[in-house]
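All remarks here apply to the structure that follows.
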Amino acid sequence: MDKVRLDELRFPVGKFKKPENITATQRAGWIGTIEQFPAKVATITTDLSVEQLNWHYRPDGWTIKQVVHHCADSHMNSVIRFKLSLTEDAPTIKPYMEHKWAELVDSLEDDISDSLTLLQAMHSKWVKLLRNMSDTDFERVFVHPAQNHSYRLDVATALYAWHCDHHLAHIEQALRHKGVFI
């Protein structure tokens, strides 16, 4: 399979592009995406068989179940990063090796119900937090040491809205291709 095709499968909604001149309207849209994500994942994964949960979204990519479990892990880390940023001055966050987390026993579990429940509860808390942040709050930052970069919370909100769409598209892609890529 050629590199262009693999990139399309890896980034079905395109790569994240940092927005410029962020508006309150854009932020509200991103928050809506974050709010709707758990229900969309639950709907698309309802009644999937174990075989389907083990379909890959691309060659050498994660399975549907690993994507769902990853989103719970990733978004849990994001909520913590937001809370640290709102309570500390430019905290340095702890990165994690998501590819290794995806191989841990809880990420290989065929039962995704715990991760779906976690996503629902966590996104509910996260959205309450996001909807009550001021413009100044969204300007606060955290430092990602592995990338040697500071992230403003408004940009992080855009990034995680993209992350929601990105992984929802992975699940849809795995289902559309039935986990088989030629």
Please list, ordered by first then second residue, the pairs with beta carbon atoms under 8 Å, 6 or more apart or interchain, first in the range 11-26 and more than 14 Å from His163 (Cα to Cα) and part of a loop (DSSP other than H, G, I, E, B), second of a type in the set (Asp, Glu) and at pLDDT 95 or above. Ile22/Asp154
What number of residues within the range 120-139 are farther than 23 Å from Tyr151 by Cα and touching a helix residue (DSSP H, G or I) at 6+ places or on another chain (Cβ under 7 Å)? 1
Show me the helices (runs of 4 or more DSSP H) found entirely inside the range 72-152 where at least 1 residues are among the polar types (S, T, N, Q) and touching a His at 6+ places or on another chain (Cβ under 8 Å). 113-131
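The values are calculated or read from the model by the stated rules, or taken from the named source; none is laboratory data. Quantities reported herein were computed from a predicted structural model and do not represent experimental measurements. Cβ: placed from backbone, ideal geometry, glycine included. Neighbour counts: every protein chain shown.
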